[in-house]
Structures are given as structure tokens and as C-alpha cells.
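A.B. asks: The structure's right below; bear with me while I get my questions together.
The values are calculated or read from the model by the stated rules, or taken from the named source; none is laboratory data. Predicted model only: the values in this text are computed from it and were never measured. A quick note on method: Cβ atoms are made from the backbone with ideal geometry, for glycine too, and the neighbour counts reach across all protein chains shown.
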Amino acid sequence: MREWHYHSTEGKQVGPYQETEFISFFVNGQLRPETLVWTEGLAQWTPANEIEGLVPNLSQQPRLAVLPAHSRAPQARRPVMAPIYLYKPFTASVLAFFFTPLLGACLISSNWKKLREPKRAFISMLFFYSYLGFLLASFFLPPSYWITGIISLNLIGFWLNAYCQSNFIWKKQIHYVREPIGTSVLYGILIIWVIMPLSYYSKKDYFDQAFAEMKVVMNETRKQRVAPTDLEKLKQLASEDITKLDSETTDSDGFSKKTDLQFELIKSPKNKAEEMTNVMRSRFNDIINISNEYITGLERIGWESLMDPQRIQTPNSYQQTEKIIASGINLATENKRKQIASYERCISAIEKLAGTGLDKEAKIKTEKNMKLLINASDIEIEIAGKIGELVEHLHKCSERWEFREDAYLFDEKADEEKFTSIYSEFEAMSEKQDELNKLLEELMKSD
């Protein structure tokens, strides 16, 4: 399993974390989709939402029979810091703030020479070279407190040096004629006049893209409002799709089943309502595909044979039971991850379609749906473990029971009581999951 790092808001590299734990950071809001992340195989730091399957996405949780609802990457050199974009205004401001004292240090050193104080001029230049060296080093070395401390001490040294020079001139009663600053101002204007075009044209593609994106956003904003007739059509299509999804993916007993159903996307959508229909149908297709994969996985590991009395009473069959249970829990966990990823993709698409993002009420609904889906998925995983506990008990007392008329008949009362206790816990979990799934379905229809 891959290990991930992320770049914190404080500018620090944090990690590594296992992928499962890392994904949970996006679910609980600790990390945002645009957070810069990195793992072995990536050439550079990349926004998390540009990596498929990393940022979770969620909604309806399918119910499945028995378990309800449920390459090694090429090596790359590890970057030591997030990329620095020198052409960004904030970065340029920071660089100007830290490099400006160097000019002052040169002027102070020059003044000391004119005041016939070569030793103090030498000390000023020592501060200059020390500060410049550690400032440049800070761009290439990992962030550390001692480099920050040395740079801060140098800044204090610059200030003290200027203060001492001012006192020296005042105490010595030195009179001097200020040199005209017109030439310096002219040079400064010329430098700015040269740097600004260079800065722009060196990143012309970047700025052109930014302006193009701005135009797209403005055009999209004009299309934000959905006509009443389009809205009614959207509601009608969504209602029909949800009804069809439920009937095609659930059998008469309420358990999930395989289906070949795939919702057709509208080609060249003409308005927001049709675009939203495509977003929802993509989500419904995800639900179908994830459910089909999950059911196929359960069939492959032989999950339906887990409670088979004849298999349980076969000598040396417990290892097979452990393997089936472990595989079932892994499938349930992977199913949860896929459902979360799908739901997050759906919400991201809706936010993009909205342009300005979701309003407060929509965000509350989204968070509520997310919590419900996570709870339903967690209970599903717990149910797999509880079934494992039930079968483990049957293995331990396999010689003291028999299966007749669809029931386990135990020779000893203690064995029967433990079986009944575990099974009651299993039924309680199943009922709770049914309630959550029903609530999720109702929320989807109401939304």
C-alpha cells in the first residue's frame, strides 16, 4: 500500500501515512481537495483532487445478501518542499521584504568607510554575507528553526548597526551633505520597467490561461439560473431514475443483486438541468458498478458457503473460514472506500456546476449524507466481523450440534445461549443498517 505525504498550511511536509488513513483525512475535513500531496512515483507535489481515487466522494449504500450493503509505482525522487512560484504576488512580496535589508547593509557599510571606520564597515559586510548565505540556503534546505533564528539575528544585527551609525554621527557632531536621490529613483524605475515585462512574458502562458479561465467563469455565472421548466424536468428525471435504480438493483427480499443497467448520459447538454442530470446519472452508474463488483467479489471468495453446516463440520475447515471472513471484511472496506470516492466526485461535480459552490443548506445536507453513508459502511464491516464470530463459535463446538429443519440444535445449553447471544447482536446490527439505508434512500429522493 502506498504511503502519502502532504504539505501543511504552515509550509511543512507531513507524513508518511498509509493510504487508507490518508483518505480518512479528506473524509473528516482535516485535509482539503486542493492540498498538495506526494507519494513514491509522483515527480512533483500535486493537488489531491487531481489524483484519481484519492479524494473521497459518497451517497447511497447498497444492501447485499449475507453481508448487508456491501504495481508497484515507479520510483521517483522525493521532493523536499512544495513548489515555489516566484511570479506570484505574495511570493514576490515576501522576497522583496527579505532581500531589501541587503541594500541597507551595503549603504551602511559604505557610510562607515566614508566615516573612516573600516572595522565597522567590515562587520557590516560580515552581516551582509552571513544573511545572504542563510537566506539563499533557506530556499533549498528543509524548513528549520535554527535557520530562521540565524536570519532573524542578522536582521536584528542590521538594525543595531544602523542605530550605532546614527548615534555615532550624532555624538561626533558630524555634518554631511545628503547626496541627491534622483539617480537612484531613476535606476529603480528602470529596473521595475525591465522586470515587470520579463516577469509577465516569462509566464505569459500562465497569465493567458488565468485570463481564459476567468472568462469561462464569467460565462458560466451568466448561465447559473435554471429556468422553472428545466427545473421541473430535472426533478422528474431524477425521480424516475431513482425508482429505476432501486427496482433494478434490489431483489424481492430487499437484498442487492447484479444488474446490467447503465443510465444513458445526455449528449451535448443544453442547460444546467441536463448537466445536473448527467452528474446524477454518473453517480447512479457508479453505485451500480461498485455494487456489481462487490457482489462478484463475495461470490468469488465463497461468502455464501460461510454458514454451510456441512462445511463447518468438515475437519480442518477453520482455516478456510478465517480466509473467507478476512476477504469479506477487506471487500466491505474497499466497497466503503469506493462509495466515499464516488460520492465526493459527485459533490465536486455539483459544486463545479454551481460555480459559486454549495450554499449553507446544501453543505449541511451533504455532510449529513456523508455521515450516514460512513455509518452504514462501518456497520457493514462490523457485521462481517460478527458473522465471523458466529461461525467461529460453531467451529469450536462443531461436535456438539446438528443442523435440522433450518435450525442449529445444540447438545449443551451453554453453546446454545452463546450462539443466541451472538446472533441477536448480528440481527440488531442488521436492523440498524437497514434503517440507515432506508434513511439514505429517503434523503436522496427528497434532495
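A.B. asks: Does A384 satisfy the condition of being assigned to a helix (DSSP H, G or I), farther than 26 Å from T420 by Cβ and touching a Gly at 6+ places or on another chain (Cβ under 8 Å)?
C.D. replies: Numbers: assigned to a helix (DSSP H, G or I): yes; farther than 26 Å from T420 by Cβ: no; touching a Gly at 6+ places or on another chain (Cβ under 8 Å): yes.
In short, no.
A.B. asks: Check L126 against each of (1) of a type in the set (A, V, I, L, M); (2) in a helix (DSSP H, G or I); (3) at pLDDT below 75 and name the one condition it does not meet.
C.D. replies: (3)
A.B. asks: For S256, are the conditions met, namely being modelled with pLDDT of 80 or more, under 27 Å from K338 (Cβ atoms) and either of a type in the set (G, A, S) or not assigned by TED's automatic domain parsing to the domain that holds E442 (or both)? Give the steps one after another, and end with the answer.
C.D. replies: On the way: modelled with pLDDT of 80 or more: no; under 27 Å from K338 (Cβ atoms): yes; either of a type in the set (G, A, S) or not assigned by TED's automatic domain parsing to the domain that holds E442 (or both): yes.
No: the conditions fail for S256.
A.B. asks: Under 8 Å by Cβ, and 6 or more places apart or on different chains, what pairs join a residue from region 364-387 that is in the same structural domain as F426 (by TED's automatic domain parsing) with one that is in a helix (DSSP H, G or I) and among the charged types (D, E, K, R)?
C.D. replies: From residues that are in the same structural domain as F426 (by TED's automatic domain parsing), the pairs are I374/K336; S377/K336; D378/K336; I379/K432; E380/K336; I381/K336; K386/E425.
A.B. asks: Please tell me if G11 is more than 30 Å from L372 (Cβ to Cβ), part of a loop (DSSP other than H, G, I, E, B) and modelled with pLDDT of 75 or more.
C.D. replies: On the way: more than 30 Å from L372 (Cβ to Cβ): yes; part of a loop (DSSP other than H, G, I, E, B): yes; modelled with pLDDT of 75 or more: no.
No.
A.B. asks: Okay, moving on. Quick check: anything in region 424-435 closer than 30 Å to L237 by Cβ, surrounded by 15 or more Cβ atoms within 10 Å (Cβ to Cβ) and in the same structural domain as S305 (by TED's automatic domain parsing)? Working first, answer last.
C.D. replies: Step one: filter region 424-435 for residues closer than 30 Å to L237 by Cβ, giving 433-435.
Remaining after also requiring surrounded by 15 or more Cβ atoms within 10 Å (Cβ to Cβ): 433-434.
Still in the running and in the same structural domain as S305 (by TED's automatic domain parsing): 433-434.
Yes, region 424-435 contains a residue that is closer than 30 Å to L237 by Cβ, surrounded by 15 or more Cβ atoms within 10 Å (Cβ to Cβ) and in the same structural domain as S305 (by TED's automatic domain parsing).
A.B. asks: Looking at L102, is it farther than 24 Å from S342 by Cα, at pLDDT below 75 and not in a loop (DSSP other than H, G, I, E, B)? Explain how you work it out, then say what you get.
C.D. replies: Details: farther than 24 Å from S342 by Cα: yes; at pLDDT below 75: yes; not in a loop (DSSP other than H, G, I, E, B): yes.
Spelling it out, L102 is indeed farther than 24 Å from S342 by Cα, at pLDDT below 75 and not in a loop (DSSP other than H, G, I, E, B).
A.B. asks: Counting only residues that are assigned to a helix (DSSP H, G or I) and touching a strand residue (DSSP E or B) at 6+ places or on another chain (Cβ under 6 Å), how many does region 401-416 have? Let's see the steps before the verdict.
C.D. replies: Of all residues in region 401-416, those assigned to a helix (DSSP H, G or I) come to 413-416.
Remaining after also requiring touching a strand residue (DSSP E or B) at 6+ places or on another chain (Cβ under 6 Å): 416.
Total satisfying the criteria: 1.
A.B. asks: Another one. State which residue is nearest to V279 (Cα to Cα) when the search covers only region 344-365 and only residues that are touching a helix residue (DSSP H, G or I) at 6+ places or on another chain (Cβ under 7 Å) and crowded, with 20+ Cβ neighbours inside 10 Å.
C.D. replies: This residue is C346.
A.B. asks: What do you reckon, is S377 under 24 Å from the mean Cα position of the chain (by Cα) and hydroxyl-bearing (S, T, Y)? If you could, list the steps in order and put the result at the bottom.
C.D. replies: Details: under 24 Å from the mean Cα position of the chain (by Cα): yes; hydroxyl-bearing (S, T, Y): yes.
When the stated conditions are applied, S377 passes them.
A.B. asks: Return a yes/no flag: does region 419-432 have any residue that is within 32 Å of the chain's Cα centre (by Cα), closer than 30 Å to V279 by Cβ and not β-branched (V, I, T).
C.D. replies: no
A.B. asks: Look at region 325-357 and say how many of its residues are hydrophobic (A, V, I, L, M, F, W, C) and under 18 Å from S282 (Cβ atoms). Before the answer, list the steps.
C.D. replies: Residues of region 325-357 hydrophobic (A, V, I, L, M, F, W, C): 325-326, 329, 331-332, 340-341, 346-347, 349-350, 353-354.
Of the ones still in play, those that are also under 18 Å from S282 (Cβ atoms) are 340-341, 346-347, 349-350, 353-354.
Going through region 325-357 one residue at a time, the tally reaches 8.
A.B. asks: Based on this model, can you work out whether N375 counts as assigned to a helix (DSSP H, G or I), of a type outside the set (D, E) and surrounded by fewer than 19 Cβ atoms within 10 Å (Cβ to Cβ)? If you could, list the steps in order and put the result at the bottom.
C.D. replies: On the way: assigned to a helix (DSSP H, G or I): yes; of a type outside the set (D, E): yes; surrounded by fewer than 19 Cβ atoms within 10 Å (Cβ to Cβ): yes.
In short, yes.
A.B. asks: Could you tell me which residue of region 264-278 is nearest to A354 (Cα to Cα), considering only residues that are surrounded by fewer than 19 Cβ atoms within 10 Å (Cβ to Cβ) and of a type outside the set (D, E, K, R)?
C.D. replies: The extreme case among them is N271.
A.B. asks: May I pose another question? Mind telling me which of the residues S305, S291 ends up being over 18 Å from N437 (Cα atoms) and not charged (D, E, K, R)?
C.D. replies: Answer to the selection: S305.
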